[in-house]
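The values are calculated or read from the model by the stated rules, or taken from the named source; none is laboratory data. Source: prediction; values computed, not measured. Counting neighbours? That spans all protein chains shown, and the Cβs are built from the backbone with ideal geometry, glycine included. Only protein heavy atoms, including side chains, enter the accessible area calculation; ligands, DNA and RNA are left aside. Shrake-Rupley method; radii C 1.70, N 1.55, O 1.52, S 1.80 Å.
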Amino acid sequence: MRSASNQRETKETKIALECRLDDPATIEIETGVGFFDHMLEAFARHGRIGLTVKVEGDLHIDSHHTVEDTGIVLGKAVREALGDKEGIVRYGTSYVPMDESLGFVSLDISGRPYLHFEGDFATQALGNFDTELVKEFFRAFAFHSGISLHARILYGENTHHKIEALFKALGRALAEAIRIDPNIKGVISTKGLIE
């Protein structure tokens, strides 16, 4: 069972998170940011991973620290749960339609973190979630998981739909990349390892 638990406490946030890559049975999300909870649940369900997240953040300021720090802790947990990465497919790509919107994510579990992000949001906030934080979450997740991540909204109008398409695409692309292929011996890398 590939899983990891991580905790992080700063003056801005207190986070407890457990990620279970092979056991999608339980998904429990509580960040204090309703729309973000919805997106993390969409990510986990479509990624077919178990995820438990409890966050206490400085929401009296705004949702920035809560969202970014959750990305940091989730990225670290995924990286730890993957261990030596032996047998994983490594690459994943997903296009996800959400009504009029189409989201795209392609990723490489390479050990070399990178983010290329393309997406504009006409609506500045959804509830107490600032939409500019989508990119902050993706960046934090990519850099702390060691994943090279490309995310793009190809088109769309509704901000909720565009963001949800991206989170679902992230989950589906990750599910593809972390899949164990019994035909893969060691890791898919000319180096012989993925750091």
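Details
- Backbone N under 13 Å from the residue 191 label point (7 Å along Cα→Cβ), restricted to the range 59-88: 85
- Solvent accessible area, Å² - residue 52, 1.4 Å probe, full protein context: 40 Å²
- Rounded if a/c under 1.5, otherwise prolate or oblate - the range 58-149, Cα gyration tensor axes: oblate
- Counting only protein heavy atoms and a probe of 1.4 Å, the accessible surface of the range 1-156 is 46% carbon and sulfur.
- The count of lysine pairs in the range 50-195 whose Cα atoms are under 19 Å apart, excluding pairs fewer than 8 places apart on the same chain, comes to 7.
- Heavy-atom surface of the range 100-141, accessible at 1.4 Å and reported per residue (Å²): 45 Å²
- Residue 99-residue 45 FRET efficiency (beta carbon distance; Förster radius 22 Å; 0.05 resolution): 0.80
- Gyration tensor (alpha-carbon) shape descriptor, the range 1-62, a/c threshold 1.5: oblate
- Relative to one another, the C-alpha centroids of the range 116-159 and the range 3-21 are positioned 21 Å apart.
- 222 nm mean residue ellipticity, helices alone, for the chain (DSSP H n ≥ 4; -39,500 (n - 2.57); rounded to 500): -11500 deg cm²/dmol
- Residue 108 accessible area, assembled protein chains, probe 1.4 Å, Å²: 20 Å²
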